[in-house]
Amino acid sequence: MPLGILEPKTTPGHHVPGTVLLDAHATSEEGNLELAAAGLKKGSGKNSEVILVPQPSSDPNDPLNWPLWQRDLILMLYCFCTLCCVGGGGPILSSMAIPLITEFKITFQQVSLLSGYQLCAVGAIGLVVSACARKFGRRPTFLWSISAAFSGTVWGSRSNSFGSMCGARVVQGLGIAMFESVTYSLIGDMYHVHQRGTRMTAYILFQSGLGQIPSVIAGKITMDLGWRWVFYLLAIFMGIGWIGAVLFGWETLYIRNSAYNLDTSSTGQLDNVQATKSEGSVQEQRVERTATVSTTGARTRETVLQRMRPFHGTFTEEPLWELIIKPFWVLLNPIVLWSVILVAFTTVWVVIISFTIAQAFYGPPYFLTVAQQGYMGAGPVVGGFLGCIACGLICDPLARYLAKRNHGKFHSNFIYEPEFRLPMMIFVPIVSGLGYFLFGNLIEQGQTPVAASVMFGLVFVSVQFTAVSTGAYIVDAFRDISVEVFIISMTFKNFIFFNAWLDFLNDWYANAGPAVMFDTIGGIQIGLSLTTIPIYIYGKMIRAWWHSHDIFGAK
């Protein structure tokens, strides 16, 4: 029972996928000889004893072989586009609700519907986006998504009616889907296990931690220049992201020999890697390259122009319709179902706060202006930033520390379990409980909106810890189905909000009051967070069960 994690029964020569030898510092002399014979590659610098999981192939076009600075810049490009599309395209209407109500002669409920229809579009297109990202790669999906988001933003800037704005928001939603889901799997494409936590934190920072920055700015822009200028400026930044995607959004999906995927296999991989390296049979080309290539032949990396091709062939033989329904099947995995419910509701609560800000602070006793309502997002920006910094400092070092404490069966220590990402969740019930309980009661008592904004920031800290912890856990435990997991999580979240919350959200606030509403939300969130405990304890057994009953046949 390593560090409280229950061990399943495994046959000799097999282990649970996701469980890996992460470091060679303390292996036995016999173990070190075995590692050397297998030719397993290790990290460099301070990570010189860290075994690279997954192992990079010998092909220079394998993203794991790209210089780290190039991979980090590609990730930053995706982060920038995510900030524009998710942060900019999503919640900006919350700070311009009053001008829209006045110009279009609509109600608060209809303003909520403008974002609700967008969320519905995101959820509906997400399954197709997931399938295309699997079948045709990340790059064509990336180009389509940023193009749709840009087009919807330009349309929104020229809308003259409620119906036209609804259409613009739907088109935006068609482009946003990728940045709320598929981009997570990019980290699994380009980074080794010991590098993922920090990068996951960076991505979450842009997706949600800094996601309120556009709303903060939008209020001031709306007040000084008009609400259309919010869309104009957002379109400019999305246009910059579109150019960056065309030039540098290279394909990151790569199919390498399964022997290199130490994190997704259950067999002893040392012999497999050694055999793969010695036999010279290379199966690590992209699917469309059907010819077998000798490892003795010199392989060169694609030129910049070749990398800029929008389409690099297909990456799987599975038909598109099977890939579209595949995300529903992963819900049979208890861990996936748990993460989907936890992340979905954690995110929905934050969206609810954004949607009630205008209703809470426009009238008495606050009478905040449009710009001041936008400034309410300052708390989440600061909280999200600090939360992500904390996650970045904790995530990978904590996993390494726990791996060091974990004594494996054949090695003295440094056996990594994906469940080591979950102890970070200990902060979530504490921080989220304080944030939600105090947010609602401060508004109920008419206290300063600055204090309410600070509580909103505490809520965002809990969102960062939840997203980073569960995101890193899913990528490490189920990297081969991570795209489907994040897609179904996003789809569930969006439809839960649209169908279950949107119809009565504003009425609930008006009838029950902010204290009752957010006390209820805080209690539910604490309860959901505590479910992490059984997942940590039984997670490895569930992983073993999923592998032995794999409905996709990917043993």
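The values are calculated or read from the model by the stated rules, or taken from the named source; none is laboratory data. Predicted model only: the values in this text are computed from it and were never measured. Cβ atoms come from the backbone with ideal geometry, glycine included; neighbour counts cover every protein chain shown. Side chains are part of the model used for accessible areas, which takes the heavy atoms of the whole protein and leaves out ligands, DNA and RNA. Shrake-Rupley method; radii C 1.70, N 1.55, O 1.52, S 1.80 Å.
Checking the structure you have, find out if any residue of segment 82-99 is open to solvent by 40 Å² or more (accessible area, probe 1.4 Å), modelled with pLDDT of 90 or more and either closer than 28 Å to residue 388 by Cβ or among the hydroxyl-bearing types (Ser, Thr, Tyr) (or both).
Of the residues in segment 82-99, the ones open to solvent by 40 Å² or more (accessible area, probe 1.4 Å) are none.
No, every residue in segment 82-99 fails to be open to solvent by 40 Å² or more (accessible area, probe 1.4 Å), modelled with pLDDT of 90 or more and either closer than 28 Å to residue 388 by Cβ or among the hydroxyl-bearing types (Ser, Thr, Tyr) (or both).
I need a count of the residues in segment 432-452 that are open to solvent by less than 40 Å² (accessible area, probe 1.4 Å), within 23 Å of residue 529 (Cα to Cα) and more than 21 Å from the chain's Cα centre (by Cα).
Adding up the residues that qualify gives 6.
Could you tell me which numbered condition residue 189 fails, if it satisfies all but one of (1) part of a helix (DSSP H, G or I); (2) surrounded by fewer than 24 Cβ atoms within 10 Å (Cβ to Cβ); (3) modelled with pLDDT under 90; (4) touching a Ser or Thr at 6+ places or on another chain (Cβ under 8 Å)?
(3) is the only condition that residue 189 fails.
Can you go through 473, 401 and tell me which one is surrounded by fewer than 19 Cβ atoms within 10 Å (Cβ to Cβ) and aromatic (Phe, Trp, Tyr)? Write out each step before concluding.
On the way: 473 fails: surrounded by fewer than 19 Cβ atoms within 10 Å (Cβ to Cβ).
One residue alone meets the criteria, 401.
Residue-wise test of (1) under 21 Å from the mean Cα position of the chain (by Cα); (2) open to solvent by 20 Å² or more (accessible area, probe 1.4 Å); (3) at pLDDT 90 or above.
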residue: 206; (1), (2), (3): yes, yes, no
residue: 216; (1), (2), (3): no, yes, no
residue: 232; (1), (2), (3): no, yes, yes
residue: 237; (1), (2), (3): no, yes, yes
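Going by the structure shown, is residue 158 basic (Lys, Arg) and crowded, with 24+ Cβ neighbours inside 10 Å?
So residue 158 does not fit the description; no.
Starting from segment 55-75, take each residue that is at negative phi and open to solvent by less than 40 Å² (accessible area, probe 1.4 Å) and list its partners that are part of a loop (DSSP other than H, G, I, E, B) and of a type in the set (Phe, Trp, Tyr), counting only C-beta distances under 6 angstrom and pairs at least six apart or across chains.
Close Cβ pairs satisfying both conditions: 62/254; 63/254.
Do we have residue 440 as in contact with a Leu (Cβ under 6 Å, 6 or more places away or on another chain), part of a helix (DSSP H, G or I), modelled with pLDDT of 85 or more and under 21 Å from residue 521 (Cα atoms) here? Break it down stepwise before answering.
Details: in contact with a Leu (Cβ under 6 Å, 6 or more places away or on another chain): no; part of a helix (DSSP H, G or I): yes; modelled with pLDDT of 85 or more: yes; under 21 Å from residue 521 (Cα atoms): yes.
Spelling it out, it is not the case that residue 440 is in contact with a Leu (Cβ under 6 Å, 6 or more places away or on another chain), part of a helix (DSSP H, G or I), modelled with pLDDT of 85 or more and under 21 Å from residue 521 (Cα atoms).
The rows are residues; the columns are (1) open to solvent by 10 Å² or more (accessible area, probe 1.4 Å); (2) charged (D, E, K, R).
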| site | (1), (2) |
| --- | --- |
| 371 | no, no |
| 377 | no, no |
| 405 | yes, yes |
| 421 | no, yes |
